[in-house]
Amino acid sequence: MKKIEAIIQPFKLDEVKEALQAIGVEGMTISEVRGHGRQKGHKEVYRGQEYTVDLLPKVKVEVVVGDGRVDEVTRTIVEAARTGKIGDGKIFVLDVIEAIRIRNDDRGESVL
Amino acid sequence: MSPSGQHLHPAPQPFTATSDVLISLAERANQVDQMVSQAADALLFPTIPDGLALVAVGGYGRRQLFPFSDVDLLLLCENETIPRERKPEISAFLQRLWDAGLRVSQSVRTPEECLAVHEQNTELNISLLDQRFLAGDRPLYAKLSKKFPRFVQSNRDALMRNLVRLTRERHTKYADTFYHLEPNVKETPGGLRDLQFVRWMEQLRDADATRLTSPEAPDELREAFRFLARLRFALHTQSGRDQNLLTFDAQDALADNGEGKDVAAWMREYYRQARAANRAALRSLELWDAQSSALFAQFVGWRSRLSNADFSVHRERVHFRSPHQLESDPELALRLFEFVARHGIRLSNEAVNQLESRLSRLREYFDENRSLWPALNQILSQTHAPLAVRSMHETGVLFALFPGLEQIECLVVRDFFHRYTVDEHTLVAIQNAWSAPSSYGELLREVPQKGVLLFALLFHDSGKAHSEAAAGYAGHVEASLQAGDAAMRRIRMPAPERDTVSFLIRNHMELSSAMRSRDLADPKAIHDVAQAVGTEDRLKALTLVTYADISAVNPSVMTPWRSSQLWRLYMAVYRELTRELSEERIADAAFESGAELVEGLPVRYLRTHSQEEIAEHVALAVKSEARGVAVDIHSLESAWQLTAITGDRPGLFARMAGTLAGFGMNILRAEAFSNRRGQVLDTFVFADPTRTLELNPSELDRLRTTAERVILGKLDVRDLLKNRPKPKPLSRKVRVRTAIRFDDEASTTATLIEIVAEDRPGLLYDLASAISSSGGNIEVVLIDTQANRAIDVFYVTVGGRKLTVDEQSAMGEELRKACTPA
């Protein structure tokens, strides 16, 4: 099993959710996060005061899928989330050691 | 044990209005009494003949036992050895009761422990207020029961204080409101605990050395108790456990009384009862505050100096002096709320009752299409407006004024996020707007018409009752617009204000929609939002409405994440709005007359001026044909406005600013536009600190003619300024740091200069002169002041083109000198 963590632009959330649901990925965790990549952000001036915006609001989408689905899911997310501009975000794939359903103690991939 | 076990848990029944729940609760208590004494006789007393007594406490002691609630049982022991040595017997006894289906919540205490104040365990002290002997060592129990009243009397203050603290914590946990969409009928404000609190406070207050009282509740509270108790009873039997949460599903089931269900109407009944219960609890809390604090008693005297001819202030509450005057002068009610809004003092219970009893008279009065906006605006723009609006809501005056709001009273719109009913959400939004923190708080200070903003918030969701009818997420906007419009006409709000309110209601979801679904770094997205919003004033108001609306959904929605997204959007749109001045010009004006004036002016001109104003400008332009200039000065609500139309010439703007400075005027805002024909339209909004114009009408004329002469070059503005008072040198602690910024990207034809500096009389003249004397030509100007900060934006060219780097630094030097006079 693998966990796929995608940091995306907030305005792309609906699209990514729909795309994942369309390929049968029902469970996901969404969080509001802040961060930046290599291009740090920029200075903005408002009323003579400088605001340094280096932690930009983003959204993190986390899904756990079977090993066989990793490529399909990452491709889906990339297509839905891409705009081609700086700030599109990144996807990370991590190993998952165990999955347990709290309600009835089921374990393994069937839980996903 | 099983025979009685069968009757123990009654089958679910429809929630009817006729069953007397008190009898059912007492019956259950009796059943449990029997079970307890049977079990005790069998397992406890044979081996513990004395030194142990069983006492019912809490709800069980009151004989109010709900089907699945805990059974509060006190094992009173003479000393601590008994529970230690008799542990097996006690365990067996409790086990027997658990096996029979009773959820026993037992405590084991000595009489000494029961006669002590437990700061960390107020519940123990309070549960003993309802003690009732069940079985066992009577003399032992007598030891406790004889001393208990005196204990209460001597420790009254501490006990009441702890109980108040507990209750306030509980209220805070539930956001101090009873308007929860899924209330907990026991714990939520307005629930059973509130009613018990009232009773306990009375008991504590009235206790004397020999006995505890058993106070009778007033009729309305008895009704509330019956309703809530029946409700809790039904919830328990329905779910088969100690479930006290009135979930949506539970509401559906209970509202179905066999004749079809109207859940909304049923919940409204709930809120009515909860309101009565909560009010009683709040009154009890108030009484405690009034009686408990010596410091408070001193403070009370100071505030009563706010009393006036109509109202008196006593113990931090405002009273009518002559309430019967409400009959002949219903607007006394509005003056009362203005008082509340101004001073932040709550209504006394008396005043509340007096208003409630005269609602039909008030409604009759308000129904006649009257000009009530000025009085209302007074209320809605004050510091404590949110408190005033809430008081109006509580007393029903708000609905007498605006029947259109009745449709959202206690309206439940079921939705995963919304915590409150629609009317409570509106009140919370208004409070949030007024107490918005940091940058948003500054926005509030800059919004020119706070009363208008508050009115828009009041009606922004008023159409939610109709959202099923209209399609989509924004279904309620149209209905809210209609309700708002009807209300505004009812109170005869003037057209410009009505426009602003309608704009805010129509667009109250624009910004949150953009935040959620658009790329804020995309210029087109920002441009689109800027187009929809139009002007900075509207942007500020709309941002506040958005902030207030979002944070009133429930307490955790406005996260720092969301707050910074909104602020980011605000800044981007603000920049866009101030930036597009020189770019977007009116190309072909579809005007019958006046096209010549308007063509070539920035598009912004059409957005910031009404049809009437444009017509006035056109007339002024015609006047200016004859003499080459026309100047108009008239008064605004709290300031003056000077409009001048003339042909463009060098240094014009500076000279006009200087004229006003020479007369001692303080320029608040200014705009300078030029059109295709080379005509210039300059507008100055200024304040008259010494009220010269108001007190000397001839000065008005003199100002106008002087302005015309200065413009035509017949008078040198420097002569005017010779006699003005020297500006005060800036104090060491300069509150506003001068910031001068040149922007070459903002416009294709001019250089944008943004100057933020400490405001002072004559500043604008000095800045504009600095630009002119450095060879700059001012194309477009946008001036704003914010408290003591002047924010000036100039679009400048030199020789018809943007400034070179050298020219920028030279001009920057001059500007800096102008900001900080020696």
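No value in this document is a laboratory result; all are computed from the given coordinates. Predicted model, so just to flag it, every value in this text is computed and none were measured. Quick reminder, even Gly has a Cβ in these numbers, built from the backbone with ideal geometry, and neighbours come from all protein chains shown.
Remarks
- Neighbour-count order for B:221, B:25, fewest beta carbons within 10 angstrom listed first: B:221, B:25
- Sequentially through the stretch B:615-629, phi angles give Karplus couplings (6.51, -1.76, 1.60; θ = phi - 60°) of 4, 4, 5, 4, 4, 4, 4, 4, 4, 6, 4, 5, 10, x, 7 Hz, Gly and Pro residues having no value and appearing as x.
- At 1.306 mPa s and 10 °C, Stokes diffusion of the protein assembly as shown via Kirkwood alpha-carbon radius, µm² per second: 47 µm²/s
- For B:394, A:109, B:338, order by how many other beta-carbon atoms lie within 10 Å, fewest first: A:109, B:394, B:338
- Annotation: extensible slack from residue B:521 through residue B:286 equals 79.4 nm (criterion: 0.36 nm per residue apart, minus Cα-Cα distance).
- Shape of the stretch B:86-244, Cα gyration tensor, a/c cut at 1.5: oblate
- Counting charges near residue B:327 (Lys, Arg +1; Asp, Glu -1) among other residues having Cβ under 10 Å from its Cβ returns a value of +1.
- Scalar couplings 3J(HN,Hα) for the stretch B:193-204, obtained by applying the Karplus form with A = 6.51, B = -1.76, C = 1.60 to θ = phi - 60°, are 4, 4, 5, 5, 4, 4, 5, 4, 4, 5, 4, 5 Hz; x denotes Gly and Pro.
- Viscosity 1.002 mPa s, 20 °C: Kirkwood-radius Stokes-Einstein D of the stretch A:2-111 over Cα pairs, µm²/s: 137 µm²/s
- Whether the stretch B:186-226 is rounded, prolate or oblate, judged on the alpha carbon gyration tensor where a/c under 1.5 counts as rounded: oblate
- Residue-count net charge about residue B:628 - beta-carbon cut-off 12 Å; Lys, Arg +1, Asp, Glu -1: +2
- Size of the stretch B:221-260 as Cα extents on the principal axes (Å, biggest first): 27, 26, 15
- Where only alpha carbons of the stretch B:73-146 are counted, the Rg and the Dmax (Å): 12.9, 35
- Value of [θ]222 nm, deg cm²/dmol, for the protein assembly as shown, DSSP H segments ≥ 4, -39500 (n - 2.57) each, nearest 500: -15000 deg cm²/dmol
- Between 0 and 90°, nearest 10: helix A:70-81 axis offset from chain A longest Cα axis: 30 degrees
- Dipole of chain B, positive direction: furthest Cα of B:514, B:36, B:365, with charges on the beta-carbon: B:36
- Prolate/oblate/rounded call for the stretch B:2-152, Cα gyration tensor, a/c under 1.5 rounded: oblate
- Using a cutoff of 8 angstrom between alpha carbon atoms and counting only pairs six or more residues apart, the relative contact order for the stretch A:2-111 works out to 41 percent.
- Ordering B:633, A:8 from the fewest to the most neighbouring beta carbons within 10 Å gives B:633, A:8.
- Packing here is the average count of other Cβ atoms within 10 Å per residue, and on that basis the peptides B:95-105, B:456-466, highest first, run B:456-466, B:95-105.
- Listed peptides B:169-180, B:690-701, B:565-576 by packing density, highest first (mean Cβ within 10 Å): B:565-576, B:169-180, B:690-701
- Cα centroid of the stretch B:628-647 to Cα centroid of the stretch A:71-98, whole Å: 60 Å
- Spatial separation of Cα centroids for the stretch B:114-168 and the stretch B:26-69, in angstrom: 19 Å
- Near residue B:789, the amide H atoms lying under 5 Å from its own belong to B:759; only residues 5 or more places off or on other chains count, and H is placed 1.01 Å from N.
- As computed over chain B, the Cα convex hull volume per residue (Å³): 221 Å³
- Kirkwood-Stokes translational diffusion coefficient of the stretch B:588-708, alpha-carbon pairs, 20 °C, 1.002 mPa s, µm²/s: 144 µm²/s
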